[in-house]
Every structure is written in structure tokens, then in C-alpha cells.
Amino acid sequence: MDFSWTEEQTALRERVRDLLARELPPDWERLSRHGPGSPAQTAFSLNFCPKLAEAGLLVPHWPVEHGGSGAPPWHHFIIGEELWAAGEPRGAQYMNVNFIGQTIMRFGSVAQQRRYLPPMAAGQAIWCQGFSEPSAGSDLAALRTRAERRGQDYVINGSKIWTSYAGLAQTCFLLARTGGAGRQGICIFLVPMDTPGITVRGIPSLIGEGDIHEVFFDEVVVPADALLGEEGQAWPIIGWALSHERVGIARYAFSRRVLDGMVRQLQSQGRFDDPLIRARAGQALAAIEAARLLVYRVIDQRARGLPPMADANVARTAVIAADHLVSDFGMHFLPDTYCSDAFPLHLSHHERAIAAGIAAGAAEVQLNLVAQDFLKLPREARA
Amino acid sequence: MDFSWTEEQTALRERVRDLLARELPPDWERLSRHGPGSPAQTAFSLNFCPKLAEAGLLVPHWPVEHGGSGAPPWHHFIIGEELWAAGEPRGAQYMNVNFIGQTIMRFGSVAQQRRYLPPMAAGQAIWCQGFSEPSAGSDLAALRTRAERRGQDYVINGSKIWTSYAGLAQTCFLLARTGGAGRQGICIFLVPMDTPGITVRGIPSLIGEGDIHEVFFDEVVVPADALLGEEGQAWPIIGWALSHERVGIARYAFSRRVLDGMVRQLQSQGRFDDPLIRARAGQALAAIEAARLLVYRVIDQRARGLPPMADANVARTAVIAADHLVSDFGMHFLPDTYCSDAFPLHLSHHERAIAAGIAAGAAEVQLNLVAQDFLKLPREARA
Amino acid sequence: MNFELNDDQRALLDAVEQVVQHHLARTPAPARVECVPELDRDLEQGGYFEAVTTEGLGPVAAAAMVIALARLPFCTELGASALLAPRLGLPRVCAVLGEDRHTPARFLAQAACAVAIEADGVFAAALAPGDAREVESLWAYPMGELVAPEALPWRRLDADPKACLDLWRVALAAEIAGCLSAALTSVVQHVSDRRQFGRPLGSLQAVQHRLAHSAVAVEGVRWLALAAAAGSVPAALALGQAQQAVRPVAYDLHQFMGAMGLTLEHPLHRWTYRARRLQSELGAADRQFQLAAGQAWPA
Amino acid sequence: MNFELNDDQRALLDAVEQVVQHHLARTPAPARVECVPELDRDLEQGGYFEAVTTEGLGPVAAAAMVIALARLPFCTELGASALLAPRLGLPRVCAVLGEDRHTPARFLAQAACAVAIEADGVFAAALAPGDAREVESLWAYPMGELVAPEALPWRRLDADPKACLDLWRVALAAEIAGCLSAALTSVVQHVSDRRQFGRPLGSLQAVQHRLAHSAVAVEGVRWLALAAAAGSVPAALALGQAQQAVRPVAYDLHQFMGAMGLTLEHPLHRWTYRARRLQSELGAADRQFQLAAGQAWPA
């Protein structure tokens, strides 16, 4: 058992920090305030990610044939930890390197890999994830968007909601149904967003520009080779993809950075001697450290090649708790810093915190999974 | 809207306090430490309750024909608040005056009333409540103890568990089943505990002497007139009885008294200047005050003759929360007072607090009722 | 003990309820804050803000009115208007300043006067256009700050700062009670309608229990605010309990509203971000609890 | 980062697990505290308490051992034996005193020596029969107090009080982790078997979610204790998180165990009342958090 970093890992972390110090502009905090789906941050990512790629820091964990260097999972995770703490200068592209790319590598055709992986590895691809629907949020298997085979094509009709980054995405990782109800009959399509029949509506939201949208599919025709994997067999692929999505983000690292800033602010106001404030700051820090260790355990399992386990749901629950403790700490003791643009990190952290337990598998779904898969409690009797 | 007491109510409270000052012995706190079902406190109650009765403070809310003076519900409640805060010198007899007596008055035969009410009004009756069974706790309708009609008698077989005060009780307010499963077919029997075939086993517990028992019924023969109400029609009577049981106890008043003592102890140690301790003490006090108001609202409704409402479940939930906050306050900041007999109130308060959300309708059942009856959320789909 | 409104109070609250229902018919805009001049006009013309100084009504009725009006998703200054300004003889809109005269305060850019309740006295200053400026914020209130507080014509009022602070605590507790209550109602509605996994979300036991906890918290806060208005419970205790309730209740309500609650299209955020702002006023819950402890158990 | 035990650590923990399984076969008596001399003998004779000073094992293995052994419903001194006494060259059983030398401490009546970790040094005194007396308590530990602490032959140890306190914090955090983990396991078992309202209690969503929260808390505490043993996380942070977990976890576990958990016949109380005692040692969670905050963000 060893909770320290190797020299190589420490050196890697330094390389990422050096690159960030070089490449992030002075107004980066204000820029990143708008959220990864904003036009400003998307434009920035298309400039920044190629530099990451050039430094070998975008997809080092991918195999050599796809532009990576076959680095171990820890390698990629350390990079992600530093970048997320910095406000995620990869913008929406973090999704590509965390799970969309790997899903295509594992389940896609050679043609799909040739088409989609090189732009990702070059830091030039913006994707969105067409999962949720008005009547299928956490209950993904209830999705209704239909794909109908017509000759060499599929014709897609339906709509998606809460879709992050859809406004500027080039491609959609889309779930649609060819079969009947439930988990059977669901397909994944890789759909260029400029296909006729797709319309996107930005939804005004609390959580940053360009972060949530409705996407409508009206007689959208895609060729049969847009299908990822076999028709109707997507459910296990979705599970695989989500298990990679959900531990990819080192939220606690951003929370730590923001908490450090909040404490500095309180110190500068002479308020950090208040024993209540100190206790709450220490409490938030403990939650961050617990989350960090529980996430590391999952990465450690992945690094050993173990299959995804419910430990990931334990970790996610701890991460959400830490996010909220830090956000609540700021709201309680520094409410006025949410009133100006002098502390853009407080605002962007809060937005990510409130979304953390709702987007990408609600906190309550995590609790179900911890109960049933980690504690092995009996599954609920269903009506 | 008026949150103050009338002169009459204030005078009544003073009378109760005077009587307590006169009648409670110097070692009362140690004596009451053993719990209302203990031999010591039971013996004390058989001495104390007649004095209460004599002063017109035992059953003033009962009608004149049963030994009361037809006083309003507030009257009885104020007496109960003072007595519970004092450690309940009525012992197990609080059950008689809070709900068993009224249930017999409302649903019992004249013969049952003549037999059972006078000893209660005189402060000489000890009852126990035979409700829970090993497989029927919060799910009371699952009870299995059977009563079979044989000629002029019923023969009872089965067992009860967690039965408070059973060791010393004269009579049992017993639930048994004559019909099939579910809420139908349940009966209430008033059963003398010296009837042959009844055996009682005390269960060693965390919550005081004589507080929980198993009671076994082996071919227990009772005459048909031991039945309260109609055969198999007990469910609504049980509901009525429980709705009176459950707001009868002013737990928050005991919590307040104990919290006051804890603060005095901290002040004497020079620790009450600690801002964290002060904040937690104020927080516990706020919970007590919230519970007090929510209970008063229920008494107010009862005083107006309104039917029982889910407001009572809201109040109970708040009372349990206040109990636990006070108990946790003591355990956190005065752990060593749970190590000796110098602070018997801390121990007895803790025991009542941990039992509060488990006995007499678990806290979770209260939450179900608040959700479904107060918030009108849709009832759960049942398998 | 009497938990019913008297006839005068009932008449006032019935009239207020009509105003609430009238404005509830309006569809909220997708914005963090929305002020509706017509609502202010209705309330001012109806004379509702005189309740606190009216025989037979008083602070309890005023607090009940704040609770009722805070249920609207539209933003109007309630607390100072209903409980403080009439007592101090100040015009509406009156903005109550925070820790010091420089920090942002609610409604300051819209206010006719500013009030500072400080340890050594209560001070007020009339505001002219340009004396305060609007500040962007996360909070669902219009926030403003004074341009040059030291240049304003402050005058000391003939008022006890402690009594004013307690009235202000009642006002804040009542507004939190109204906000959380409206937010809870909207979520109860949502989970009763919304189906997930083949049944209404609100029939799931975990959802029910957490909403039940919210209901218990909100009921406690509501009655503490009313009893504090009557002077029967320390105001600091009522405000502490209210401020403490905000975090867990707002968390659960947003969880159950799901992604819909992250949009500006559903008004949930208006109530929760108002409550979240109020939770830190006067130093947040633990400050109130410390104060209440000092009052309950003097050295 | 490597979350697996090394071979030496694994061998130790496998052996410890055999001891645990052997004693789990024993039926607990209906008592608040039960000490089993045979368990002490097994642990001492097996040399387990030398782990902390053994090459290749060290504090991480010692902490993991405490977590494993605290799962037993029987009471034996673990924390000081596994982490502190071997480092200080003190005999077993060594009782660590609380705030001052007069207050009750765990195992004091059974101890061969008492240790006081104080700001200006670490002090130890050998105890003869009669130097300490047993004290009745609610806690599921044998509690004792010194008869005349000032009359004992105290000697100053050559040890850094801060380092000793941190080791002691690791020991306490590990013991809390073990107690809560065992308590959780016993309740998971109970609710999986027990049927109410026609289905297993543990299939109810509210029960599942609250037990899931407990599991997340316990996992966090466990890994923080191990990482703190390795020196990778501040010990105060690990202990604060552990102490903070006790209240909500113990509450929920007792709720779901129901009346059975109020009896002495089920061992649940042994774990929860040990954890409840530990939650206030060294000043309770907020004290640890304050200390950790001071370390993380020096002025």
C-alpha cells in the first residue's frame, strides 16, 4: 500500500503545470467562467488542445496506432486532475479523451476509427452526447427517439434534452431506438451535427453558457455505417462508456483549488481566526481528501485491469458531497463574492457543483448502485 | 394568533410544579433513571398518582362521570409537559391517562368502563400495550397472534415483543387476530396479566429496566366480554388510540431540561465561552422550540375538536430530531458525564432519545405519513 | 395558545392571497430575477405594508404576509417593507445594509432609502438616483451597492438597534419560510407528475422521506417565525433555524427537480437562490445560535 | 498510488482475519462490554502488535489490523497496542489518558501503564493494582479512572508529543472505521433478512439510500485512516472525518435495526457505543478540522 507518487508521475504533473502556466492567458479565470460549452471556451480549446497534443499530453493513454503512447491510466488521470483543477481548458474535448474515443476504439468499425479518432487526437473535435430525453433522464432505458432502417440508411426522429455542448458540436454520440421498449433495441449512432433535420435550441440555464440544449431530430437521414456496434445491442456499450465517463473528472481537485482561494480571501479579511470558519474549512478539506482517495482507488483498479466496480459509485457520491461542501462554504462565509466578477471561480465552481449530482447520473442513481452493487442489498420489488 | 398562556393555564402549571416540588424525593433523578417500567418507578407511581388524582391533576380532561372534570385538552397537556420534563413520575400510568382510558371510554362497553376506568382515575392501574410481534413491528397489520372463539370465550395463542412495562402490568391492551391476513380481522382484548398461560420474559436492553419484554400467550382463555368493540373491527380503533398516544408525550420539555443542565455543567467548567459549543447549544434549543410549537399546533387542533391530521406526524418527526440533537450535544461535549451516576438525567435522556424514533411508530413510518398525508405525494406502487 | 389568525388577520391574509393568486397567473421570464412593477403597485396601493403598525394586526400578521408573498416567483422587497420601515417611518423601498455600508445589499439600486442597523444606533439615508448602482449576482434578488456611502446624508433614527435587529430577523426568517415553502410546493407538484422507472418520481420512498424532512423543516421555520413575530420565541432562534434549513432543503429540492431545476425556465431557482442569499445575512445560522445561546443561558 | 497490501502486509492481515473469524464464532453475552481473555492472548502471543515497528509492515499495516480487529464485538485494547505502545516501548495494556489525568479513560482499570500525551511532553506511569478503578458507563468499553494521578511515578518519555498525537489520531480513526464497518455489515444482514410490509426491509429505497450514504462515509474514513497512517494525509483530517461520521451512521444503523438494536442481545450497540465514545476523544470532529485547517492554511 503506497499513497505517494512515483518520480515519473511527479514529473508529468510538473510538465502539465508548466504548460498551463505558459498557455493559459491572464484572463483565463474569467474566460473559463462561461463554461466548457461556451463559444469562448470552445474556441480556446481548439487552440489549446493541439498544443496539449503536441506535448503528448492529450491522449497519452491511447495506443500508439491512434496517436497515443500507450501510457498507463494514471498518466491520463494525472493530466485530467491538473486540467480540471485549472478550469478545464480542454473545454468539451475532455469527453473525447475520457470516453468517447475509447468507446469508438473498442466498439467501432475501422472506418469509424479512421474518421473520428485522428481529429480527437489532434485536439480538433467537438462532440456532444445525445442521451437524455424529456421522459428519459436517469431512466435512460426509457428513451423514445426512433431510428428506422430504410435501405442503406437510418432515419432518425425524436428529441434529446439537456445535451451539453450541442450548440457547437461537430458530431453527436446519439442514442436511438430501433426495437421495442426497455434496454433492448437501443442503438448508438455517430451523427454529424450538420446533417439536415437537426435543430438545436439553447436552454437558458443557471450553469453557464452553452451547457444545456434541446436537440430535435426531424427525418434525419444517416448512412447505416453511422451505427456503432450491432443494431439494438448498445446497452452494454453504454454501460462501458458511462463507467469511463464517470470517474474521468477530478472534480475534487477543482474544489480544492477554489477552497484554497476562499480561505485566502477570508485570511485577507482577517476572518480566518474564527473557530467556526476554520472548522467548516477543515471539514470541507476532509471531504475533498476522502473523495480524492476514493477516486484514486478506482483509478488504481482500472490501472490493474480490473473490471468497473461499484467502488466508482462510492467515489462519485463522495465527490458530489465534497463539491457541495465547498460551494456551501463559500455561500455561507463569502456571499458577496457571488455578486461580482472579481471571483469568477466561485461562480463557475458553484455551477459545476449544483450540476454534479444531477447531470450524468443523478446522485440518487449512484446511491441505488452503491446499495445494490456495493452493499448487495436486495433489489427493490418492482410494481 | 396567540402564543402566550392564559392566566388559568399559568396557574395550573404552577400547581403542578408545586406538587412536584413537594412530592418528588431528593433522590428522584437517580430513581427515575431506571425507567418508567422499573420496579422502583412503578412502585413510586402507585404512591404518586393517587396524590395527583387527589389534586385533580391526573385525569382532569376526563368527563365528570369517569372521575375527571371535563377540562380542555390544553389542561391535560400542560400537566403532561411538566411531568414528562420532571422524568415522568406517573411511570407507566401516563399511558392510561393519555390514551388507554379514552379509548375504553369511546369504544368500550359500560362493563369495561366500570371495571377499568376507576382504578386508572385513582392512579392505581398499570397497563401494557401488546402490539408489536417479531414479524410485525412498524407493519402492525402483519400481526399473527390468534384469538379463537370457543363458546363464551376466546382462546389466545401467540407472542408479543418489545412490550413496555409488561413485567409489572396488571392488564394488557392486546391486539390479536380472529380473521385472515391484513387489517381486517384484528381485535383488541383487555386481558388481565395474571390469566393462566401468559408468561413474560424481560429482554436485557439499552433503555432501562423493565422497558422491553417478550410476552407469550399459550392457550390463554379470556371471556368474550374482554373484547373491546366488535370482533375483527379493531383497525380504526387502533388508529384512534395511536393518534392520541403519539402526541401525548412532551419529549421536548425533558430535552430542554436536560440541555439546561448540560449548559450549566459546561459553564461550571468554564467551557461555555467556546463559540462552537455555544452554536451547538443554540442549535439544539432551536430544534426544541420548533418541536414545541409543532406539538402545540396539534394540541390546538385537538382543542378545537378537529380530527387527527398529518400535522401530528410532522410534530413527531421534529420531536425526534430535537431529542437526538440534545443527546448528541451531551455525548460530544460531556462524554464523561455518561460514565458515572452523577448525571443520571443524561443517561435516562439518552435512552429515551434513542428509543424515541424506534418505539411507537418508527421515525421512518412518520416520514411516510408526512409524505403521503401531509404533502399528498402519490402512494408508492406496491409489488 | 391559539394557532388561528384572528378576524382582522384573516381578512388581511385573504386579501394578500388574492394578490398572490393574481400574479401567479403571470408566466415567469427565463431570468434569474424578475421584478414586476404591477405587484409593487398592488401591494403599496392596497396599504398592506401598514399592517405591522395597525391595531389588531401587528408583527404576526406582517410576518404571515411576508410568508405568503415570498411564495411568488417575482421579486419585491418584502421584509423591510412589512416589518421595519413602517415602524421607523421610512419610505418604501428601504434597503437594509449588511455587515458594513460598503457591501452589496438587496434592492439597494431600487431603494428610496438605506438603513444601517449598527451596534451604536440605527442610521438612515435618503437615496437619490446615482447614489447606488446595480451589481450582477447569482442571487435571485436585485443586488446593489452604494457608490459613496460616506457622502450620504445619514441621520440617526430614534430606535433601539437590538429591537430593530430582532424585527429584521423575523422578516428574514419569514421570507425564508415563504421561499422554501413555495419551492417545496413546486417540487411536490413536479415529482407527482414526472414518471421515471415506470412510476411517479414522488412515489419513490427515498424521495418521499427527503421531501417529508423538508416539510418538517419548513413547518418548523414557519411557526418559529410567527412565534418570534409575536415575541414568544427569540428572533435569533427563529432566524437560525430558518437559515440552517436552507442548505439541505435547497439541495434536495434541486435534486428532485433534476435538470429542469438547472434551467432558468422553471422558477425553482428564484426561490432557492433567494433563500440561499438570506441564509448568510446577519452572519448565518451559527451566529444566530450563538446569540440565542447567550440569551437563553447568560453567564 | 497503490491500494493493494504488499505481501508482508497481506500475510499479516490474513493471519489477523483468522483470529477474527475464530472469535466471531463465539456468541456474545447480553452485556454492554465483553472482554475475552483468549482474544488478548491470541493477539499477544501471535506478535501482531509488533507490526508497527516491523520492517515492511509499519503504521499502515498496524492501522489495517486495527480496522480488522475492531470488527469483533468483543472488547480489547487495539489502538494504543497497535500504533503507540510499541513505538514508545510501553507494555500492553497501555491506557491513553484524555484531556487531563483525572478524567475517565478506556481500559484504565485493566492497564499496565497510563500515558498522558500533553502539550509539553509525553508522560507514562506504570500502574499497580488499585491505582485505577473501574467506572460504570454507557460506552461499550471498560472505563476506568486513576485513584490518585498525582501520586503515580510519572516519567517523561523521549517522544515528540505532536507525532504521538498523530499516531493516536490514526489509531482512533482506524478503530472508528472498523466499528462502523462491522455495525454496517450487521445491519445490511438484518435488513436483507427482515421482511416488513411484504418485502425485505433492505429493498426499500429510503433504507438503501441511507445505508449507501453510510457505506460511502465508512469507505472514506477507512482510506483516510490508512493514508494518514502512511503520512500521506494529515491525521487530524482522518480523525475528524471519522468522528464526524459516527453520529449519522450510528443513528441510521440503529433506526434500521429497530427494537432489536435496543436490546443487549444483538451486538450492534457494542460497535456503535464504542464509536460514540471515540467520536469525542481529543475534542471531537470540529477540533480536528480546526487543527487541520491551521496546518493546511497557515497564517
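The values are calculated or read from the model by the stated rules, or taken from the named source; none is laboratory data. No experiment lies behind these values; they were computed from the predicted model shown. Reconstructed Cβ throughout: ideal geometry from the backbone, glycine too, with neighbour counts over all protein chains shown.
Provide a single number: the residues in the range B:263-306 that are part of a helix (DSSP H, G or I) and more than 10 Å from every other protein chain (Cβ to nearest Cβ).
So the count comes out to 4.
Which members of the range D:200-238 meet the condition of being part of a loop (DSSP other than H, G, I, E, B) and within 7 Å of chain A (Cβ to nearest Cβ)?
Scanning the range D:200-238 gives D:ALA230, D:SER232, D:VAL233.
Can you say whether C:ARG106 is crowded, with 18+ Cβ neighbours inside 10 Å, within 19 Å of the chain's Cα centre (by Cα), closer than 23 Å to C:ALA132 by Cα and modelled with pLDDT under 95, as far as the supplied structure shows?
When the stated conditions are applied, C:ARG106 does not pass them.
Which numbered condition trips up C:ARG194, out of (1) under 19 Å from the mean Cα position of the chain (by Cα); (2) within 26 Å of C:ARG32 (Cβ to Cβ)?
Unmet condition: (1).
Given the conditions (1) under 27 Å from B:HIS349 (Cβ atoms); (2) within 17 Å of the chain's Cα centre (by Cα); (3) in a helix (DSSP H, G or I), which single one is not true for B:GLU29?
That leaves (2) as the condition not met.
If B:GLY232 passes every condition in (1) under 30 Å from B:ALA141 (Cβ atoms); (2) away from chain C (no Cβ under 14 Å); (3) touching a helix residue (DSSP H, G or I) at 6+ places or on another chain (Cβ under 9 Å) but one, which one does it miss?
Only one criterion in (1) under 30 Å from B:ALA141 (Cβ atoms); (2) away from chain C (no Cβ under 14 Å); (3) touching a helix residue (DSSP H, G or I) at 6+ places or on another chain (Cβ under 9 Å) is unmet by B:GLY232, namely (3).
If a residue has to be within 14 Å of another protein chain (Cβ to nearest Cβ) and among the β-branched types (Val, Ile, Thr) to count, how many in the range A:71-101 make the cut?
1
Given (1) within 14 Å of another protein chain (Cβ to nearest Cβ); (2) surrounded by 22 or more Cβ atoms within 10 Å (Cβ to Cβ); (3) at pLDDT below 95, where does B:GLY167 come up short, assuming only one miss?
(1)
Run down D:THR272, D:THR263 and say which single residue is in contact (Cβ under 8 Å) with a residue 12 or more places away in the chain, more than 14 Å from chain A (Cβ to nearest Cβ) and over 19 Å from the mean Cα position of the chain (by Cα).
D:THR263
(1) modelled with pLDDT of 95 or more; (2) touching a helix residue (DSSP H, G or I) at 6+ places or on another chain (Cβ under 8 Å): which one isn't true of A:ARG15, the others all being true?
(2)
Do we have D:PRO298 as more than 9 Å from chain A (Cβ to nearest Cβ), at pLDDT 95 or above and in a loop (DSSP other than H, G, I, E, B) here?
yes
Could you tell me how many of the residues in the range A:198-214 are part of a strand (DSSP E or B) and within 14 Å of another protein chain (Cβ to nearest Cβ)?
Final tally of qualifying residues: 5.
If we keep just the residues of the range A:338-359 that are surrounded by fewer than 21 Cβ atoms within 10 Å (Cβ to Cβ) and either on the phi > 0 side of the Ramachandran plot or not in a helix (DSSP H, G or I) (or both), which is farthest from the other protein chains (Cβ to nearest Cβ)?
Across the range A:338-359, the extreme among qualifying residues is A:ALA342.
Collect the residues in the range A:147-205 that are touching a residue at least 12 places away in the same chain (Cβ under 8 Å) and hydroxyl-bearing (Ser, Thr, Tyr), keeping them in residue-number order.
Once the filter is applied, which keeps residues that are touching a residue at least 12 places away in the same chain (Cβ under 8 Å) and hydroxyl-bearing (Ser, Thr, Tyr), the range A:147-205 yields A:TYR154, A:SER159, A:THR163, A:SER164, A:TYR165, A:THR171, A:THR178, A:THR195, A:THR199.
So D:TYR251 clears everything in (1) in contact with a helix residue (DSSP H, G or I) (Cβ under 8 Å, 6 or more places away or on another chain); (2) buried (at least 24 other Cβ atoms within 10 Å of the Cβ); (3) more than 7 Å from chain A (Cβ to nearest Cβ) except one condition, right? Which one?
(2)
Only one of (1) crowded, with 23+ Cβ neighbours inside 10 Å; (2) in contact with a Ser or Thr (Cβ under 8 Å, 6 or more places away or on another chain); (3) modelled with pLDDT of 95 or more; (4) of a type outside the set (Ser, Thr, Tyr) fails for C:GLY240. Which number is that?
(2)
Can you tell me how many residues within the range D:116-137 are over 21 Å from D:LEU88 (Cβ atoms) and either within 14 Å of chain B (Cβ to nearest Cβ) or of a type in the set (Val, Ile, Thr) (or both)?
5
I'd like the residue in the range A:360-383 that is modelled with pLDDT of 90 or more and under 23 Å from A:ALA284 (Cα atoms) and, out of all such residues, is surrounded by the fewest Cβ atoms within 10 Å (Cβ to Cβ).
Result: A:ALA363.
Hey, among D:GLU55, D:GLU99, which residue is at pLDDT below 95 and more than 14 Å from every other protein chain (Cβ to nearest Cβ)?
One residue alone meets the criteria, D:GLU55.
With the structure loaded, tell me whether B:GLY180 is farther than 27 Å from B:TYR94 by Cα, part of a loop (DSSP other than H, G, I, E, B) and of a type outside the set (D, E, K, R) or whether it fails that test.
Answer is yes for this residue.
If only one of D:CYS35, D:CYS113, D:CYS94 is away from chain B (no Cβ under 14 Å), crowded, with 20+ Cβ neighbours inside 10 Å and among the hydrophobic types (A, V, I, L, M, F, W, C), which one is it?
Within the list D:CYS35, D:CYS113, D:CYS94, the selection yields D:CYS94.
Of all the residues that make up the range B:111-142, how many are within 12 Å of another protein chain (Cβ to nearest Cβ) and not acidic (Asp, Glu)?
Residues in the range B:111-142 being within 12 Å of another protein chain (Cβ to nearest Cβ) and not acidic (Asp, Glu): 10 in total.
Here's the yes/no breakdown for (1) modelled with pLDDT of 95 or more; (2) over 25 Å from B:HIS350 (Cβ atoms):
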position	(1), (2)
B:ALA55	yes, yes
B:VAL59	yes, yes
B:HIS75	no, yes
B:GLY91	no, no
B:PHE99	no, yes
B:ARG114	yes, yes
B:PRO119	yes, yes
B:GLN124	yes, yes
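Output the residues belonging to the range A:210-230 that are at pLDDT below 95, surrounded by fewer than 21 Cβ atoms within 10 Å (Cβ to Cβ) and either closer than 17 Å to A:GLY158 by Cβ or in contact with a Ser or Thr (Cβ under 6 Å, 6 or more places away or on another chain) (or both).
Once the filter is applied, which keeps residues that are at pLDDT below 95, surrounded by fewer than 21 Cβ atoms within 10 Å (Cβ to Cβ) and either closer than 17 Å to A:GLY158 by Cβ or in contact with a Ser or Thr (Cβ under 6 Å, 6 or more places away or on another chain) (or both), the range A:210-230 yields nothing.
Picking from B:GLY208, B:GLY180, B:GLY270, which residue would you name as being among the small types (Gly, Ala, Ser) and more than 24 Å from B:LEU345 (Cβ to Cβ)?
Exactly one residue qualifies, and that residue is B:GLY180.
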